[in-house]
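Throughout, read-outs are computed from the coordinates displayed, never taken from laboratory work. A quick note: this is a predicted structure, and the numbers were derived from the prediction, not measured. Glycine also receives a Cβ, built like all others from the backbone with ideal geometry; neighbour counts cover every protein chain displayed.
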């Protein structure tokens, strides 16, 4: 026995399938890393921190303009440049401390045994 749907063709065309009418999940705004970018600029490496601040300030603008992909790219770039700033500062401090200890060891050694 076959069950026939009583909808006419026009009614079937106006109805949307249940899968298409399901509400889409709300997109989550990415973190803009602005606070971290500012801290890395002040405490770490100024040039790379400024680049991080520029990218971090673009995240909210892109997000509220509706360009979610650009907001995600800017957030990723802000995070990357923040870590670059921290990494460069850590490397510079490491080299500085290495030079200080090497210089201190060189000065403490006697040049000539008399």
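If I take the Cα coordinates of the stretch 31-108 and project them onto the principal axes, what are the three extents in Å, biggest first?
Rounded to whole Å, the extents work out to 64, 17, 15 Å.
Report the FRET efficiency, 1/(1 + (r/R0)^6), for residue 68 and residue 31, where r is their Cβ-Cβ distance and R0 is 22 Å, rounded to 0.05.
0.95
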